[in-house]
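Colleague: Just dropping this structure here.
Nothing in this text is a laboratory measurement; each read-out follows from the coordinates by a stated rule. Keep in mind the model is a prediction, meaning the values are calculated, not measured. Glycine also receives a Cβ, built like all others from the backbone with ideal geometry; neighbour counts cover every protein chain displayed.
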Amino acid sequence: MKYVKGLKCRECGREYPVEPIYVCEFCFGPLEVIYDYAKIKKALSRRIIEKRPKNLWRYKELLPIDGEPSAGLNSGFTPLVKTERLAKYLGVKELYIKDDTVAHPTLSFKDRVVAVALTKAKEFGFDTVACASTGNLAHAVSAHGAKAGFNRFIFIPATLEQSKILASIVYEPNLVAVDGNYDDVNRLCSEIANKYRWAFVNINIRPFYAEGSKTMGFEIVEQLGWEAPDSIVVPCASGSLLTKVWKALKEFQQIGILKEVETKIYGSQATGCSPISTAFKNGTDVIRPIKPNTIAKSLAIGNPADGFYALQAVKESGGAMEDVSDEEIIDAIKILARTEGIFAETAGGVTLATYIKLLKDGKIDKRDSTVLCITGNGLKTAEVLNGQTAEVYQIKPNLSSFEEILKRIRQKEGK
Ligand SMILES: *Cc1c(COP(=O)(O)O)cnc(C)c1O
């Protein structure tokens, strides 16, 4: 059963057949997958979804594949955690963490997009998959590509965190570290994609890849008992995840799973790489490319491909955008860890810190039910915490040495 009608240019509306292409030949606008929603509405219901295995393919009619999924069979359906201690700490009523730090094989939300991209690459008949990555995509393509039996070429900026390089190379892809930033890597990859018949998941497969991000939105709604929250805060690199979370809500409305969507979408960036939030705050649609300089490397895209569309989604929903300093990011990582026991990577720190700022500025209401998209695991960027954590107590292996420390700890706690 096919639910995909084809590809369509987001700018001029020209339609294309389903092929590994990503830009409109006439106006160079990006292509997007379009579906037959009337047909999906007949095929899909809450009850049907609920009976399926707990992975991201439970929404497969709304994903751009023709046959059965062949990658990411144990990705998705990550926990939606209702916070108690964090909500109390911030003085808010109903706060949830969509926790993509766990339950995915490669511990970030990129498992979602790669599951869809690799399934589609197989349908197209590719034997080699590739990507330009800020780290998490490298990890996900390396791992899922190994399992699916693809040749893999992974391109990263040479300055990437050591832990992310190791997390990719262990799966033995061809890992190419480029002397340049992500935007340089991406430009090189576009050239390579023109010359070699490889499935670059975030270039020529991008229209399909990006659809995988919708599953985060679908899951939030399902896990809230088939309701959309008042607010969702989403971190932005290229801006794709944010646009797709918004698309997910609207699709659920289109097929009758949600009655209406009044959710406001908020975008978060690091101040050291904030081309989208800066445009929002300046009240312009023009996104000025910048050179990234932030510890939030997974979000460090200076020239965001979907920045314009992310801005539109934020505005259409009535949300806002904000950005936060590296210091605020580290503080937020620590707050989330000590209140909820969740260890997020820098991108997660960006999201929580942005939420705190938006609350303070009165841009998100304290009474709103809010979901924070925490998109990657802290072990991947642990080095940013060097010298930034609480003290580790050093003692001799005897009781008196321990009790000396215990006295200090009690004093510190004021007991
Ligand atoms: C890739 C990524 C994002 C968002 O990326 P988009 O390009 O905006 O879709 C968010 N968080 C993490 C941890 C990521 O790796």
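Colleague: Just to be sure I follow: if Rg is taken over the C-alpha atoms of segment 233-321 and Rh is the Kirkwood radius over the same atoms, what is Rg/Rh?
Modeller: Working: Rg = 13.3 Å, Rh = 13.1 Å.
Result: Rg/Rh = 1.02.
Colleague: While we're here: Rounded to two decimals, what is Rg over Rh for segment 1-58 when you use alpha-carbon atoms and the Kirkwood radius? Intermediate results must be reported in sequence, preceding the final value.
Modeller: On the way: Rg = 14.8 Å, Rh = 13.2 Å.
Ratio of gyration radius to Kirkwood radius for segment 1-58: 1.12.
Colleague: Subtracting the Cα-Cα distance from 0.36 nm times the residue separation, let me have the gained length for Glu15 to Glu84 in nm, one decimal.
Modeller: On the way: separation 69, 0.36 × 69 = 24.84 nm, distance 4.78 nm.
Difference between extended and current length: 20.1 nm.
Colleague: Can you divide the C-alpha Rg of segment 278-363 by 2.2 N^0.38 Å and report the result to two decimal places? Please report the intermediate quantities before stating the final value.
Modeller: Numbers: Rg = 13.7 Å, N = 86, 2.2 N^0.38 = 12.0 Å.
Normalised by 2.2 N^0.38 Å, the Cα Rg of segment 278-363 equals 1.15.
Colleague: Rounded to whole Hz and in sequence order, give me ³J(HN,Hα) for segment 36-51 from the Karplus expression 6.51 cos²θ - 1.76 cosθ + 1.60, θ = phi - 60°, writing x for Gly and Pro.
Modeller: Values per residue, Gly and Pro as x: 8, 5, 4, 5, 5, 4, 6, 8, 10, 9, 4, 5, 5, 4, 4, 7 Hz.
Colleague: If you build the convex hull over the alpha carbons only and average its shadow over all orientations, what do you get for segment 171-307? Give it in nm² to one decimal.
Modeller: Details: hull surface 42.4 nm².
Approximately 10.6 nm², given one-decimal rounding.
Colleague: Antiparallel versus total DSSP beta bridges in the chain: what percent is that, nearest 5? Show your work: numbers first, answer last.
Modeller: Values: 14 of 44 bridges.
So the antiparallel bridges amount to about 30 percent of the total.
Colleague: Next question. Which order do the peptides 39-47, 241-249 take when ranked by the mean count of other beta-carbon atoms within 10 Å per residue, highest first? Show your work: numbers first, answer last.
Modeller: Details: 39-47: 14.0, 241-249: 26.3.
Final packing ranking: 241-249, 39-47.
Colleague: Given a Förster radius of 45 Å and the C-beta distance between Ala103 and Lys396 as r, what FRET efficiency does 1/(1 + (r/R0)^6) yield to the nearest 0.05? Walk me through the numbers before you get to the answer.
Modeller: Values: r = 41 Å, r/R0 = 0.91.
Between Ala103 and Lys396 the formula returns 0.65.
Colleague: I'd like the FRET efficiency for Glu94 and Glu404, computed as 1/(1 + (r/R0)^6) with the beta carbon distance as r and R0 of 45 Å, rounded to 0.05. Can you show the working numbers first?
Modeller: Working: r = 44 Å, r/R0 = 0.99.
So, using R0 = 45 Å, E works out to roughly 0.50.
Colleague: Right, here's the next one. When the Kirkwood hydrodynamic radius is evaluated over all pairs of different C-alpha atoms of segment 39-165, what value in angstrom, to one decimal, is obtained?
Modeller: Numbers: mean 1/r = 0.0608 Å⁻¹.
Here the Kirkwood hydrodynamic radius works out to 16.5 Å.
Colleague: Moving on to the next point. In degrees from 0 to 90, rounded to the nearest 10, what is the angle of the helix 346-360 Cα long axis to the longest principal axis of the chain?
Modeller: Its long axis makes an angle of about 80 degrees.
Colleague: Over segment 48-106, how many pairs of lysines fall under 16 Å by alpha carbon, counting only those 8 or more apart in sequence or from different chains? Please report the intermediate quantities before stating the final value.
Modeller: On the way: Lys51/Lys60; Lys54/Lys98; Lys82/Lys93; Lys82/Lys98.
Taking segment 48-106 as the scope, the lysine pair count is 4.
Colleague: Quick check: the angle from helix 110-124's long axis to the longest principal axis of the chain, C-alpha only, nearest 10 degrees?
Modeller: 20 degrees
Colleague: Right, here's the next one. Which GluC sites (Glu not before Pro) in segment 82-184 pass both tests, a DSSP loop state and at most 15 other beta-carbon atoms within 10 Å? Could you put the intermediate results ahead of the total?
Modeller: Details: sites: Glu84, Glu94, Glu123, Glu161; in loops: Glu84, Glu161.
Listed in order of number, the matching sites are Glu84.
Colleague: Can you compute the FRET efficiency between Glu172 and Arg52 using 1/(1 + (r/R0)^6), with r the Cβ-Cβ distance and R0 = 35 Å? Round to the nearest 0.05.
Modeller: Details: r = 33 Å, r/R0 = 0.94.
So the FRET efficiency works out to roughly 0.60.
Colleague: Further question on the same structure: Relative contact order of the chain: what whole-number percent is it, with Cα pairs under 8 angstrom and at least 6 residues apart?
Modeller: On the way: 850 pairs, mean separation 64.3, N = 415.
Dividing the mean separation by the residue count of the chain yields 15 percent.
Colleague: Please provide three numbers in whole Å: the alpha-carbon extents of the chain along the principal axes, with the largest listed first.
Modeller: 74, 47, 46
Colleague: With everything on Cα atoms, drop me the angle between helix 136-148 and the longest principal axis of the chain, reported from 0 to 90° to the nearest 10.
Modeller: The angle comes out at about 60 degrees.
Colleague: Please arrange Tyr393, Tyr209, Tyr16, Tyr355 by counting, for each residue, the other beta carbons lying within 10 Å of its beta carbon, fewest first.
Modeller: Numbers: Tyr393 12, Tyr209 29, Tyr16 17, Tyr355 26.
Exposure proxy ranking, most exposed first: Tyr393, Tyr16, Tyr355, Tyr209.
Colleague: Could you tell me which trypsin sites (Lys or Arg not before Pro) in segment 71-121 are loop residues by DSSP with no more than 15 other beta carbons within 10 angstrom of their beta carbon? Each step should come with its number before you reach the end.
Modeller: On the way: sites: Lys82, Arg85, Lys88, Lys93, Lys98, Lys110, Arg112, Lys120; in loops: Lys93.
The qualifying sites are Lys93.
Colleague: While we're on this one: Hey, what's the Cα Rg ratio for segment 363-415 versus the globular rule of thumb, 2.2 N^0.38 Å? Could you put the intermediate results ahead of the total?
Modeller: On the way: Rg = 19.2 Å, N = 53, 2.2 N^0.38 = 9.9 Å.
Segment 363-415 yields a ratio of 1.93.
Colleague: Find how much the distance from Ala43 to Gln312 grows on full extension, using 0.36 nm per residue of separation minus their present alpha carbon separation; answer in nm with one decimal.
Modeller: Details: separation 269, 0.36 × 269 = 96.84 nm, distance 3.04 nm.
The span from Ala43 to Gln312 would gain 93.8 nm if fully extended.
Colleague: Please give me the summed charge of the neighbours of Lys250: other residues whose Cβ is under 11 Å from its Cβ, Lys and Arg +1, Asp and Glu -1. Write out the running numbers ahead of the final one.
Modeller: Working: positive: Lys214, Lys244, Lys247; negative: Glu251, Glu260, Glu316.
Counting the neighbours of Lys250, the net charge comes to 0.
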